[in-house]
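Data block below; observations after.
The values are calculated or read from the model by the stated rules, or taken from the named source; none is laboratory data. In this text, all values refer to a predicted model and were calculated from it rather than measured experimentally. Cβ sites come from the backbone with ideal geometry, for glycine too, and all protein chains shown count toward neighbours. The accessibility values were calculated without ligands, DNA or RNA, using every heavy atom of the protein model including side chains. Shrake-Rupley method; radii C 1.70, N 1.55, O 1.52, S 1.80 Å.
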Amino acid sequence: MQTPWIRHAITEINADFQRSADTHLIRFSLEAYPGIHFYLKDESTHPSGSLKHRLARSLFLYGLANGWIRENTPIIEASSGSTAVSEAYFSRLLGLPFIAVMPASTAKRKVEMIRFYGGECHFVEDPCQLYSESERLAQSLNGHFMDQFTYAERATDWRGNNNIAESIFRQMAHEPFPIPHTLIMSAGTGGTSATLGRYIRYQGYETRLLVVDPEHSVFFDYWHRRDRTLSSERGSAIEGIGRPRVEPSFLPDVIDEMIKVPDSATVAAMLKLETILGRRPGASTGTNFWGMLQVAQRMRAQGQQGALVTLLCDSGERYPDTYYNPEWVKQHIGDIQPWVRDLA
Ligand SMILES: *Cc1c(COP(=O)(O)O)cnc(C)c1O
C-alpha cells in the first residue's frame, strides 16, 4: 500500500536528482594517437563520490516502488565500498538505518565515508561470505538486503531517463566523432556495462562495447565459456571491479569484446592518467584507461580515427594508502615498472 512516507521518500530522491548537475565528459588527446579523441565521463563528481550514486538512487527507487523499503526499514548491502558509501548517503537522506557488509581489507577512506553518512560497517574475513552474512542480517533485523549484484542490471532505466549511456551520447552530440568507435568499461556488478550495451543496441549505434576485467575475476572466462559455476579463491585487488563468482547482473551478450588487464598494468595506467588529467583517478579507472589504449593502438595501426569513451569511476583521493602508496603497491600488486615504461 502507498503510504505518505513512501511518497515522501520518492520525492526526496527525485529532488536530490534535480539538484544535481550532469557529470562532465572530459576530452583529451595524446600526441602518440593523432586523430583519436579520448573522453572520460567523470563520475567522481556525484555527491557521494562515484558512479555508484546512480546505482544507489536506482536501487532505492526500485525498492520503494516495489514495496520492499518502508519507513524505518534497515538497509543492508554487501559492498566493497563505493556502493555502500552511496547507499549510506541515500539512507541518511531518507532517515533509514544502514549496514554495509564488507571485506576487512576495504579502503579506510571508504569506511570513514560510510560512517560519516551515519552507516554501520560489518566486516567479514572471507569475501565469499558477503552474501550469506547480508541475508542473515536482513532476516534477523527485518531489513531489506539491497543485493546490488542481482538488481543493478534491472533497477536502471535501460531505455534512457538520463541513464549514463543516454547522457554520454547526448554529450557527444557536437563532437567531431559524435558516435564513439568504442565504449570501454570495467565490471563490478556489471550494471553499467549492461546499461551501455543495451542502449547501443536499442539506439542502433555502430559503437562497440569493450569490457576490461582485472586479474582476479571470473567475468572474462565466463564471457568466453558461459559457465555460471566459475569461481575464484582470491578476491580482486582492484576495488570496485572483478568478481570471484559470476554475478546475475553481468550480462555477457551485450558485450562485443573482453580484455584481461594485469593489476600492475592497471596501476601504471592510473598513474599515467594522473599526469594527463592533473588529478588522481581511482584504480578501476586505470583498468579502463589501459583498455582504451589497447583500442587506440589498434585504431592507429589500421589508420583509423574516431572517439573512445570510458568512465572515471571514482577519485584517487580515496586511495592514498593503497594504490597511491608505492610501498603498498610493491607489496600487494607487484612491480609496475615494466608497464610504466610501456606507457611512457
Ligand atoms: C562499481 C564500480 C565499478 C563497476 O561498475 P558496475 O556498474 O558495478 O559494473 C567500477 N569502478 C568503481 C570504483 C566501482 O565502485
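In region 309-338, the residue that is surrounded by the most Cβ atoms within 10 Å (Cβ to Cβ) out of those that are in contact with a Gly (Cβ under 8 Å, 6 or more places away or on another chain) and in a helix (DSSP H, G or I) is Arg318. Condition check: open to solvent by 60 Å² or more (accessible area, probe 1.4 Å), among the aliphatic types (A, V, I, L, M) and not in a loop (DSSP other than H, G, I, E, B). Does Met113 satisfy that? So Met113 fits the description; yes. Going through (1) open to solvent by 70 Å² or more (accessible area, probe 1.4 Å); (2) more than 18 Å from Thr73 (Cβ to Cβ) one by one, Asp126 falls short only on (1). Is one or more of the residues making up region 66-86 part of a helix (DSSP H, G or I), open to solvent by 30 Å² or more (accessible area, probe 1.4 Å) and under 19 Å from Asn162 (Cβ atoms)? Among the residues of region 66-86, not one is part of a helix (DSSP H, G or I), open to solvent by 30 Å² or more (accessible area, probe 1.4 Å) and under 19 Å from Asn162 (Cβ atoms), which makes the answer no. Restricting attention to region 280-308, the residues that are part of a loop (DSSP other than H, G, I, E, B) and of a type in the set (A, V, I, L, M) add up to 0. The condition (being under 18 Å from the mean Cα position of the chain (by Cα) and either of a type in the set (Phe, Trp, Tyr) or at pLDDT 95 or above (or both)) is satisfied by just one residue among Glu215, Glu206: Glu215.
As for region 111-124, it holds no residue that is modelled with pLDDT under 95 and of a type in the set (Gly, Ala, Ser). Taking the conditions (1) assigned to a helix (DSSP H, G or I); (2) surrounded by 13 or more Cβ atoms within 10 Å (Cβ to Cβ); (3) more than 16 Å from the ligand (Cβ to nearest atom) in turn, Arg7 satisfies each one other than (2). Considering only region 103-110, I want to know if a residue exists there that is touching a strand residue (DSSP E or B) at 6+ places or on another chain (Cβ under 6 Å), open to solvent by less than 20 Å² (accessible area, probe 1.4 Å) and under 18 Å from Ser315 (Cα atoms). Among the residues of region 103-110, not one is touching a strand residue (DSSP E or B) at 6+ places or on another chain (Cβ under 6 Å), open to solvent by less than 20 Å² (accessible area, probe 1.4 Å) and under 18 Å from Ser315 (Cα atoms), which makes the answer no. Please work out if Leu251 is within 26 Å of His53 (Cβ to Cβ), open to solvent by 10 Å² or more (accessible area, probe 1.4 Å), within 12 Å of the ligand (Cβ to nearest atom) and in contact (Cβ under 8 Å) with a residue 60 or more places away in the chain. For Leu251, the condition - within 26 Å of His53 (Cβ to Cβ), open to solvent by 10 Å² or more (accessible area, probe 1.4 Å), within 12 Å of the ligand (Cβ to nearest atom) and in contact (Cβ under 8 Å) with a residue 60 or more places away in the chain - is met.
So which of Phe149, Phe145 is within 11 Å of the ligand (Cβ to nearest atom) and of a type in the set (Phe, Trp, Tyr)?
Within the list Phe149, Phe145, the selection yields Phe149.
Being of a type in the set (A, V, I, L, M, F, W, C) and modelled with pLDDT of 95 or more is a property that Leu94 has.
Restricting to region 161-197, what's the tally of residues that are assigned to a helix (DSSP H, G or I), of a type in the set (S, T, N, Q) and either more than 14 Å from the ligand (Cβ to nearest atom) or in contact with a strand residue (DSSP E or B) (Cβ under 9 Å, 6 or more places away or on another chain) (or both)? So the count comes out to 4.
Return a yes/no flag: does region 106-118 have any residue that is within 21 Å of Pro244 (Cα to Cα), β-branched (Val, Ile, Thr) and either within 12 Å of the ligand (Cβ to nearest atom) or touching a Cys at 6+ places or on another chain (Cβ under 9 Å) (or both). Yes, region 106-118 contains at least one residue that is within 21 Å of Pro244 (Cα to Cα), β-branched (Val, Ile, Thr) and either within 12 Å of the ligand (Cβ to nearest atom) or touching a Cys at 6+ places or on another chain (Cβ under 9 Å) (or both).
Scanning for something buried (at least 21 other Cβ atoms within 10 Å of the Cβ), within 14 Å of the ligand (Cβ to nearest atom) and in a helix (DSSP H, G or I), does region 204-219 turn up at least one residue? Taking every residue of region 204-219 in turn, at least one turns out to be buried (at least 21 other Cβ atoms within 10 Å of the Cβ), within 14 Å of the ligand (Cβ to nearest atom) and in a helix (DSSP H, G or I).
Residue-level check: of (1) closer than 29 Å to Leu64 by Cα; (2) among the charged types (D, E, K, R); (3) under 15 Å from the mean Cα position of the chain (by Cα), Glu166 misses just (3).
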